[in-house]
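Report on one structure; see the data block that follows.
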Amino acid sequence: GTLTHGLRSQVSAALKEGRVTPTELCQRCLALIKSTKFLNAYITVAEETALKQAEESEDRYKKGQPLGILDGIPIAVKDNFNTAGIETTCASNMLKGYISPYNATVVQKLLDQGAVLLGKTNLDEFAMGSGSTDGVFGPVRNPWSYSRQYKEKSVPKSHSEDKEFNWVITGGSSGGSAAAVSSFTCFAAIGSDTGGSTRNPAAHCGVVGLKPTYGLISRHGLIPLVNSMDVPGILTRCVDDAAVLLGSLAGHDPKDSTTVQDNFKPFDLPDLTDVSKLSIGIPKEYRAPGLSSEILALWSKAADLFKNAGAKVVEVSLPHTRYSIVCYHVLCTAEVASNMARFDGLEYGHRSDTKESTESMYAATRREGFNDVVRGRILSGNYFLLKQNYEKYFVKAQKVRRLIANDFVEVFRSGVDILLTPTTLSDAAPYLEFIREDNRTRSAQDDILTQAANMAGLPAINVPTALSERGLPVGLQFIGRSFQEQQLLTVAKWFEKQVQFPTIELEEVKRHDNGVFQHQKSASFS
């Protein structure tokens, strides 16, 4: 039953005591990746190197010298982080076959602590999207589509309705990483979060998704989308594990000038028994249009949970929230346009065969290499940056961004410790329903509750809360003060313990890991 356990408390102990070896753990995960291949969570599985890393880890355990909690732990990394010797594609034709000469700092840190890299996970092309449906390797399927909980609730409307398309999306853009953690093929995964790309799929897949404070974890080797908002994200099955990963990834990196200068002290999360000193803010602007009544009810219930336990729960206002998504769109596309200029067919990645001129080669390379979502964002970004538009759009959006960040500062200054909001507007949409709308429309809706934390650079976490009426996961989001991850995670852990989110029941996993479901948690919250 090791596959479903927490890292610090159980798996690390099992490895130390020799009840399971790193190689066995790795092989079990690799077998599960094969049997859940239909989820399309991985783009590349690095079987050979993973087994070699597991072997090296095993030697360390035999000598009684493991490198720490993560030694021998199988992890997965989103395919927009560079990995030396393993292809990095960003799910785009532009980078198919690209092998980076170096590791991203987060990847290097994990490997330095003995973690076993199973492979690279699927995403929306260049991480632009909120469904993990738009990459060139096809959409990721939400493991909950195949869970007992969803199957019992979902009755096909008619027999002709193809059961094949009954599956729901993972959310995005880090859907592969969320699906990988949720289906037990790895213990933790790295995603990235620019406007919600770690928290959104975490909510839809029933896992913990942490977006740390901007600058706390190095972006070196993360292929950039929006430099001023991107952060590596952490996906795990429980809050404690997120704290373990944060401890091994956070801190200054000389290769990323935007990282904090101070050293980061890893922390153990205390078991909070008394929440009476806490002040929880409920931002009224997050009652967004389109928020499902189900999630609204769950949000109120969660607020009552804190209130009944003695915490102070106050309604607060973040008045500039309603301009946030428009402002985000302008800044995001402008930075995208600038970042995507590097893909010109000269140095790496795809190059068109067009020979007429350098100009025509550039144009053809970009037309062939990028999908229409990426091209669309480059076009609108360049439009906002035109000389005659620069002041009107880009500069103005920067000013509004400052106002949005100030809203948070004011609320935290008023004595609020943590904000509690929904993570998503609804539970996961069926794939066929989701692809009816274009990427831009969907991203504007799906990022609405998450992107403000990126604009303000604040830490935020999704905690799985309950199952919806359709038997799918719903999560709530906690937003903390800048660099106060310890407080944020401590509160999230308390909440996680109260709600007792149920374990996903997957036939596939049962076959590979006897005893996985002996630790059935009750879904007392819903």
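Taking all pairs of different Cα atoms in the range 124-274, averaging 1/r and flipping that mean, what Kirkwood radius in angstroms comes out?
For the range 124-274, the Kirkwood estimate is 16.6 Å.
What whole-number volume per residue, in cubic angstrom, does the convex hull of the C-alpha atoms of the chain give?
Per residue, the Cα convex hull of the chain comes to 148 Å³.
As a test of the definition: which semi-axes, in Å, follow for the range 1-86 when you take the square root of five times each eigenvalue of its alpha carbon gyration tensor? Largest first, please.
23, 15, 12
List the residues, sorted by chain then number, that are 5 or more residues from residue 116 or on another chain and whose placed amide H is less than 5 Å from its amide H.
Distant-sequence amide H within range of residue 116: 72, 73, 75.
For the range 396-401, just list the computed ³J(HN,Hα) in residue order, Karplus coefficients 6.51, -1.76 and 1.60, θ = phi - 60°, integers in Hz, with x standing in for Gly and Pro.
4, 4, 4, 5, 5, 4
Using the Karplus equation 6.51 cos²θ - 1.76 cosθ + 1.60 (θ = phi - 60°), what ³J(HN,Hα) coupling, rounded to whole Hz, does each residue of the range 215-232 give in order, writing x for Gly and Pro?
x, 7, 10, 4, 9, 4, x, 8, 5, x, 10, 10, 3, 7, 10, 4, 9, x
Where does each of 357-364, 141-148 land if you order them by average Cβ count within 10 Å, highest first?
141-148, 357-364
First select every other residue whose beta carbon is under 15 angstrom from the beta carbon of residue 439; then total the charges, Lys and Arg +1, Asp and Glu -1.
Value of the local net charge: -4.
Going by amide H atoms built from the backbone, whose H comes under 5 Å of the H on residue 424, apart from near neighbours?
475
For the ranges 223-230, 120-127, what's the packing order if you count other beta-carbon atoms within 10 Å of each residue, average per peptide, and put the highest first?
Taking the mean over residues of other Cβ atoms within 10 Å, the ranking is 120-127, 223-230.
Let me spell out the model: positive unit charges on the Cβ of Lys and Arg, negative unit charges on the Cβ of Asp and Glu, origin at the Cα centre of the chain. What dipole size does that give, in debye rounded to 20?
Approximately 700 debye in magnitude.
Please work out how much length the chain gains when fully extended from residue 63 to residue 258, using 0.36 nm per residue of separation minus the C-alpha to C-alpha distance, in nm with one decimal.
66.3 nm
Under a cut-off of 18 Å between alpha-carbon atoms, report the aspartates and glutamates in cross-link reach of residue 392, not counting same-chain residues fewer than 8 places apart.
Qualifying aspartates and glutamates at Cα under 18 Å: 335.
Tell me the relative contact order for the chain as a rounded percent, counting alpha carbon contacts under 8 Å between residues six or more apart.
In percent, rounded to a whole number, it is 18.
Highest mean first, what order results for 274-286, 168-180, 303-315 on Cβ atoms within 10 Å?
Put in order of decreasing packing, that is 168-180, 274-286, 303-315.
Compute the distance from the alpha-carbon center of the range 68-87 to that of the range 234-295, in whole Å.
22
Can you tell me the Rg and Dmax of the range 346-431, counting just the alpha carbons, in angstroms?
21.1, 64
Relative to the compact globular guide of 2.2 N^0.38 Å, what is the alpha carbon radius of gyration of the range 253-328, as a ratio?
This ratio for the range 253-328 stands at 1.57.
Excluding same-chain pairs closer than 8 in sequence, count the lysine pairs in the range 218-306 whose Cα atoms lie under 29 Å apart.
Qualifying lysine pairs in the range 218-306: 4.
For the range 316-331, in order, what is each residue's ³J(HN,Hα) by Karplus, 6.51 cos²θ - 1.76 cosθ + 1.60 with θ = phi - 60°, in whole Hz (x at glycine and Pro)?
10, 10, 10, x, 8, 3, 5, 8, 4, 5, 5, 4, 4, 4, 5, 5
Since every read-out is calculated from the coordinates, none of them should be taken as a lab result. Predicted, not measured: the structure shown is a model, and the values here were computed from it. Note: ideal-geometry Cβ built from the backbone for every residue, glycine included; neighbour counts use all protein chains shown.
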